[in-house]
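The numbers here are math on the coordinates, done by the rules we state, and not lab data. What you are looking at is a predicted structure, and each value in this text was computed from that prediction instead of being measured. Methodologically, a virtual Cβ is constructed for each residue, glycine included, from the backbone with ideal geometry; neighbour enumeration extends over all protein chains shown.
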Amino acid sequence: MADHGIGLEDVFRARARLSGRIAETPTVASPTLTERCGAPVFLKLETRQTTGSFKLRGATNALLALPHSALAKGVAAASTGNHGRALAFAAAQAGVRCVVCMSALVPANKVEGIRALGAEIRIVGRSQDDAQEEVDRLVREEGFATVPPFDDAGVIAGQGTLGLEIVEAVPDVDLVLVPLSGGGLIGGVALAVKALRPQARVVGVSMERGAAMHASLTAGKPVLVEELETLADSLGGGIGLANRHTFRLAASLLDGVVLLTEAEIAAGIRHAYTREQEIVEGAGAVGIAALLAGKIPEKIGLRGPTVALLSGRNIDMDLHRRIVCGDATGETACPA
Ligand SMILES: *Cc1c(COP(=O)(O)O)cnc(C)c1O
């Protein structure tokens, strides 16, 4: 396998570090999807992770890998969602001061969710870039450490522990479907799965609206894409033009990328709730959605045990109710 600067031994080291600090989540069979797909389908329920997403694995591993001296002033990050929540939790557990920088556009409920975990909130500017500038300043001028959301060796190794759990739960796994944004999740998972089971295939799933890694893989280098509103909001954002790890990992380890419409993502959320009894956010439902839409590329095919990784559950419950009732825009009849 090509040298990525991150290896299976880093993933095992992450697992040892994370032991007792994160939940090992269940992998369950899906009889309905198995019947529909003609191959055994399993769901990796990372929706059950503490803080509601897998981001806790990478954030905790990267934070604990930092030398004690680097954390004296605290840790800072820009995030509107699951990474900020995970880092706030990991920092509180480690007794480290945490500052999360967010733009004025972030909804109040998300701000409160992160504040409730004990992190300090700084509202800066009107965009993620503005918030990131404040993080850069805290690092440069005030001696803060930072943990990036995906393009970091410790973060990738932490997410890779999910790959170990998947192969342990389904030793003959043939195909893993992984939500794809910046690529920290799929980079770590693909690294671990393919090291343990080289014949397994790993496919990324993104939304059609603003799939930065897909556009970058097509272009052969990191490119910018316009960020658009999507039900898979946790998959929004770019991969960084100065990407260090995840673009190379994705380019060498992925067997394909599937892109989904908003209606297909909504169908995935609805299926998870009505048939699997799971509450899943848009980003977490894309693996199910790709199977329901019949979008696994023919050259990959469903040939054996298939695992859809359900990456998170942090969805606005009002939106969830409207989607489950059949209309993501809330126009159809839904009991009040
Ligand atoms: C961050 C996130 C992703 C994407 O992870 P990347 O490492 O950026 O590819 C997928 N699902 C959920 C729920 C997330 O929070």
Between Arg48 and Gln93, the two model label points (7 Å from Cα along the beta-carbon direction) sit apart by a distance in nm of 1.7 nm
Taking Cα pairs under 8 Å and at least six residues apart, what relative contact order does the stretch 55-146 come out at, in percent? 33 percent
The chain: relative contact order as a whole-number percent, Cα under 8 Å and 6+ apart: 19 percent
Kindly state, to the nearest 0.05, the FRET efficiency for Cys37 paired with Leu228, given R0 = 25 Å and r defined as their beta-carbon distance. 0.30
With runs of 4+ DSSP H residues as the only contributors, calculate the mean residue ellipticity of the chain at 222 nm using -39,500 (n - 2.57) per run, divided by the residue total and rounded to the nearest 500. -12500 deg cm²/dmol
What FRET efficiency would be calculated for the residue pair Glu120, Thr218, taking the C-beta separation as r and a Förster radius of 56 Å, to the nearest 0.05? 0.90
Full extension between Ala70 and Ser252 adds, at 0.36 nm per residue less the Cα distance, a length in nm of 62.2 nm
Taking θ = phi - 60°, what integer Hz values does the Karplus form 6.51 cos²θ - 1.76 cosθ + 1.60 yield along the stretch 23-37, in sequence order, with x for Gly and Pro? 8, 7, 8, x, 10, 10, 6, 10, x, 5, 6, 4, 5, 5, 9
Pick from Gly118, Gly183, Gly282: which residue has the top mean-square fluctuation in a GNM of the chain where Cα pairs under 10 Å get a spring? Gly118
Out of the stretch 225-280, which trypsin sites (Lys or Arg not before Pro) are coil in DSSP terms and have no more than 15 other C-beta atoms within 10 Å? Arg244, Arg275
What order do you get for 90-96, 29-35 when each peptide is scored by the mean count of other beta carbon atoms within 10 Å, highest first? 90-96, 29-35
Only Cα pairs within less than 10 Å get springs; with that Gaussian network setup on the chain, which residue of Ser69, Ser206, Ser234 has the largest fluctuation? Ser69
DSSP bridge orientation in the chain - percent antiparallel, rounded to nearest 5: 10 percent
Would you give the gap between the C-alpha center of the stretch 176-206 and the C-alpha center of the stretch 233-307, rounded to a whole Å? 11 Å
With springs only between Cα atoms under 10 Å, which of Asn82, Asn314, Asn109 fluctuates most in a Gaussian network model of the chain? Asn109
With the charge dipole of the chain built from beta-carbon charges (+1 for Lys and Arg, -1 for Asp and Glu) about the Cα centre, the Cα from Pro222, His245, Gly160 projecting farthest to the positive end belongs to Gly160
Given unit charges at Cβ for Lys, Arg (+) and Asp, Glu (-), the dipole magnitude of the chain about its Cα centre in debye, nearest 20, is 660 debye
Within the stretch 235-298, report the GluC sites (Glu not before Pro) that DSSP leaves as loop and that have at most 11 other Cβ atoms within 10 Å. Glu298
